[in-house]
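Below is one structure; the comments refer to it alone.
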Amino acid sequence: MDELHISSSEQNGLHLHLCNIDKFKTTSIMLMIKAPLQEDIITARALIPYVLNGGTTNYPNRKQIRKKLDEMYGATLYSDVHKKGEYHIITFEMEISAEQYLSTPICLLESSLHLLHDIVYNPKIENGVFDSSIVEQEKRSLKQRIISMYDDKMRYASLRLIEEMFKNEPYHIPAYGREEEVDSLNALTVYQVYEKLLQNARFDLFIVGEVNENEIKSMVQNIFSEQHNYSDIQCNFTDEQNIDEVKIVQDKLDVEQGKLFMGYRTFSTIQDENYEATRVANAIFGRFPSSKLFINLREKESLAYFTLSQLESNKGLLITMTGIDFNNYKYAVQIIREQEYALKNGDFTEADVDQAKSMLISQLLEACDTPLGIIDISIQAVDRGFSDNVNDQIRRIQMVSKDDVIHSANKWDLDTIYFLNRNERREEGE
């Protein structure tokens, strides 16, 4: 494929990542704010991006912000909170029309960066802290957001597995915080957490589109003129603890289908040079419809409504997710473990390895066809400190051998089995 180059530099301590590419009619911007997970402030920090989106000094409410976006040829702005490894991540995403396609000459990118800066650094203030009416409104919204996650039983099962599996590690903390903590927050407590975030977090700004790199660097330096003093705290991503006994956890709720989640510690993260072997191993195990889990659980045994395995690249975590009939729990666990042992024993072919590598490479190339896909590739390059060159990534995948896959799989250790079963009262009523 054509070379995809991401230029990285530092402007006032802010990390700027530019991909100058002319294949899109839009320019995409993402500001990523990263800080270590902290249980005592997680809920307050999760509220911050929504409070910031609620109003600024120049645009005092959401209506005024939306009006400004509409004036910028229908630009979009979206914020979210999630976690990666031991870090809490806040993101602001903007998409604007590429300036060369506009009928009137306007520096839309500069206007967008000014608006983004205004939202993050110039919030609407009342008595030296956040506007209390905005905070109270966003507290209600955050509560609803947390409740809706638990209403989605797939997400509920995933959250519960992680809570149980990582009880003694920061990673167990949910990214949106805890519903029971929301009411205790106020404008002052949230503002204090916000001030510390500005002082201590890492800021990465990603821009993808047809841009002049030197102009953008100067623009960012002038607009984001604050000095960002983040000093990287290396969290212990790969837990070296020995697993003496697999934890088995079961919840019972009013559900139509059993949700079986199994959490493995892989002892391999995106920072490792041999991480591609872990990705290929997972591709053979359960990532794609050609995988062992799909073929054996769903096609041969007809045990699963769906089955999938996925990696958390910054945590050394692999999760299998399976939807099953309630009475198939033990047999489904047995089949999943049989596929795990088969992988560890080398019970797969060179053709399986080639197919897995081919599908991972196709996935990578598809990501290059969207601005957010390119930003994701850039984020991975930042996370691992390796080359952001896509062709280098492809070469690393192509170099993975069957022995590499076996070696990687043999590091996997099943930690926790979580099963979301149906409520007994439901069974009695049927």
Please enumerate the residues belonging to the range 305-334 that are open to solvent by less than 10 Å² (accessible area, probe 1.4 Å), of a type in the set (Val, Ile, Thr) and over 26 Å from the mean Cα position of the chain (by Cα).
-> 324
Out of all the residues in the range 270-303, which are open to solvent by less than 10 Å² (accessible area, probe 1.4 Å), within 28 Å of residue 150 (Cβ to Cβ) and touching a helix residue (DSSP H, G or I) at 6+ places or on another chain (Cβ under 8 Å)?
-> 286, 293, 297
Can you tell me how many residues in the range 286-305 are aromatic (Phe, Trp, Tyr) and in contact with a Phe, Trp or Tyr (Cβ under 9 Å, 6 or more places away or on another chain)?
-> 2
Residue in the range 12-26 that is touching a His at 6+ places or on another chain (Cβ under 8 Å), of a type outside the set (Val, Ile, Thr), within 24 Å of residue 106 (Cα to Cα) and open to solvent by less than 10 Å² (accessible area, probe 1.4 Å) present = yes
Could you identify the single residue in 347, 376, 354 that is charged (D, E, K, R), out of contact with any strand residue (DSSP E or B) (no Cβ under 9 Å at 6 or more places or on another chain) and assigned to a loop (DSSP other than H, G, I, E, B)?
-> 347
Please go through the range 48-77 and pick out each residue that is open to solvent by less than 60 Å² (accessible area, probe 1.4 Å) and of a type outside the set (A, V, I, L, M).
-> 49, 50, 53, 54, 55, 56, 59, 60, 68, 74
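Residues checked against (1) within 30 Å of residue 15 (Cα to Cα); (2) surrounded by fewer than 17 Cβ atoms within 10 Å (Cβ to Cβ); (3) of a type in the set (D, E, K, R); (4) modelled with pLDDT under 90:
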{"residue": "379", "(1), (2), (3), (4)": "yes, no, no, yes"}
{"residue": "383", "(1), (2), (3), (4)": "yes, no, yes, yes"}
{"residue": "386", "(1), (2), (3), (4)": "yes, yes, no, yes"}
{"residue": "390", "(1), (2), (3), (4)": "yes, no, no, yes"}
{"residue": "397", "(1), (2), (3), (4)": "yes, no, no, no"}
{"residue": "404", "(1), (2), (3), (4)": "no, no, yes, no"}
{"residue": "408", "(1), (2), (3), (4)": "no, no, no, no"}
In the range 147-177, which residues are out of contact with any His (no Cβ under 7 Å at 6 or more places or on another chain) and closer than 27 Å to residue 122 by Cα?
-> 176, 177
When both residues are 6+ apart or on different chains and their Cβ atoms are under 8 Å apart, which pairs have a first residue that lies in the range 3-17 and is without any contact (Cβ under 8 Å) to a residue 40 or more places away in the chain, and a second that is buried (at least 16 other Cβ atoms within 10 Å of the Cβ)?
-> 10/16
So residue 147, is it modelled with pLDDT of 95 or more, over 16 Å from residue 50 (Cα atoms) and assigned to a helix (DSSP H, G or I) = no
Can you tell me which residue among 74, 85 is in contact (Cβ under 8 Å) with a residue 24 or more places away in the chain, small (Gly, Ala, Ser) and at positive phi?
-> 85
Pairs under 7 Å by beta carbon, first residue farther than 16 Å from residue 77 by Cβ and outside any loop (DSSP other than H, G, I, E, B) in the range 115-134, partner at pLDDT 95 or above and of a type in the set (S, T, N, Q), six or more apart or different chains?
-> 126/132
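The values are calculated or read from the model by the stated rules, or taken from the named source; none is laboratory data. Nothing here was measured: the structure is a model prediction, and the numbers come from that model. FYI the Cβ positions are ideal-geometry reconstructions off the backbone, even for glycines, and counts take in every protein chain you see. The area values use the complete protein model at the heavy-atom level, side chains included, leaving out ligands, DNA and RNA. Shrake-Rupley method; radii C 1.70, N 1.55, O 1.52, S 1.80 Å.
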